[in-house]
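Colleague: Below: one structure in structure tokens.
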């Protein structure tokens with residue numbers, strides 16, 4: 001539910017607060033698009049209505065190694081495939097580079113369609129778990145660094161557990177403070193929640209910086225506070 005809610009929030013902010021017309025954008029500048037099969041598209045300008053790329057570079061990777069690169073003045077969608085114009089096709093094999101100039105080059109087998117380049121790139125928080133996992137697989141195929149996105153992917157599983165673990169911590173605290181001030185219990189609960197949230201975000205930042213492995217960075221908060229909550233529950237039962 002959260003990715004969809006985030007997209008709706010952004011739409012309301014842009015259309016109703018900033019008064020931007022979502023259909024007014026007819027071009028996108030400096031576009032980088034991660035395609036399927038280890039492909040990366042780089043273009044200086046993309047004209048949405050004309051379905052045309054200007055100063056475009058297509059890079060194809062296999063097992064993290066650059067296999068082919070196409071640099072062209074422009075590329076146009078002819079209704080079935082992308083046709084590159086006025087450029088060079090470079091292939092790389094066993095450390096050797098082969099360069100072929102071309103006037104027109106139709107590239108078959110590209111899964112990307114014009115509407116894919118018309119969309120703004122979404123952040124991990126705006127993607128669902130399957131969408132982010134698919135994007136991560138495409139990153140791996142291109143040989144790009146995936147640790148940041150791997151942290152965000154596992155956070156989508158780790159973060160919902162905050163609700164359960166906070167209850168594990170809050171129940172013993174409420175039992176101990178039931179005869180004392182209610183304001184003290186409320187304040188302590190808020191403090192624990194903020195501390196937990198801060199711990200989760202700190203782990204995420206450490207994972208993005210490479211200071212912690214992605215899996216540990218995503219689950220660190222749950223592990224620490226889960227142990228604390230379990231210990232408090234056991235002690236509360238004994239007393």
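Colleague: Out of the stretch 200-218, which residues are surrounded by fewer than 16 Cβ atoms within 10 Å (Cβ to Cβ) and under 20 Å from residue 166 (Cα atoms)? Walk me through it before giving the result.
Modeller: Step one: of the stretch 200-218, the residues surrounded by fewer than 16 Cβ atoms within 10 Å (Cβ to Cβ) are 201-202, 205, 209-211, 213, 215-216.
Selection gives 201, 202, 216.
Colleague: Only one residue in 92, 129 is assigned by TED's automatic domain parsing to the domain that holds residue 8 and surrounded by 12 or more Cβ atoms within 10 Å (Cβ to Cβ), so which one is that? If you could, list the steps in order and put the result at the bottom.
Modeller: Details: 129 fails: assigned by TED's automatic domain parsing to the domain that holds residue 8.
Being assigned by TED's automatic domain parsing to the domain that holds residue 8 and surrounded by 12 or more Cβ atoms within 10 Å (Cβ to Cβ) holds for just one of 92, 129, which is 92.
Colleague: Only one of 114, 101 is assigned by TED's automatic domain parsing to the domain that holds residue 6, farther than 15 Å from residue 46 by Cβ and modelled with pLDDT of 85 or more. Can you tell me which? Break it down stepwise before answering.
Modeller: On the way: 114 fails: farther than 15 Å from residue 46 by Cβ.
101 is the lone residue from the list that is assigned by TED's automatic domain parsing to the domain that holds residue 6, farther than 15 Å from residue 46 by Cβ and modelled with pLDDT of 85 or more.
This table checks each residue for (1) over 16 Å from residue 40 (Cα atoms); (2) over 28 Å from the mean Cα position of the chain (by Cα); (3) modelled with pLDDT under 95; (4) surrounded by fewer than 10 Cβ atoms within 10 Å (Cβ to Cβ).
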site: 66; (1), (2), (3), (4): no, no, yes, no
site: 80; (1), (2), (3), (4): yes, yes, yes, yes
site: 96; (1), (2), (3), (4): yes, yes, yes, yes
site: 105; (1), (2), (3), (4): yes, yes, yes, no
site: 110; (1), (2), (3), (4): no, no, yes, no
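Colleague: For residue 118, are the conditions met, namely being loosely packed, with under 11 Cβ neighbours inside 10 Å and within 26 Å of the chain's Cα centre (by Cα)? Show your work before the answer.
Modeller: On the way: loosely packed, with under 11 Cβ neighbours inside 10 Å: no; within 26 Å of the chain's Cα centre (by Cα): yes.
Against the criterion (loosely packed, with under 11 Cβ neighbours inside 10 Å and within 26 Å of the chain's Cα centre (by Cα)), residue 118 does not qualify.
The values are calculated or read from the model by the stated rules, or taken from the named source; none is laboratory data. Everything numeric in this text was worked out from a predicted model, so none of it was measured. Please note: Cβ atoms are built from the backbone with ideal geometry, for glycine as well, and neighbour counts cover all protein chains shown.
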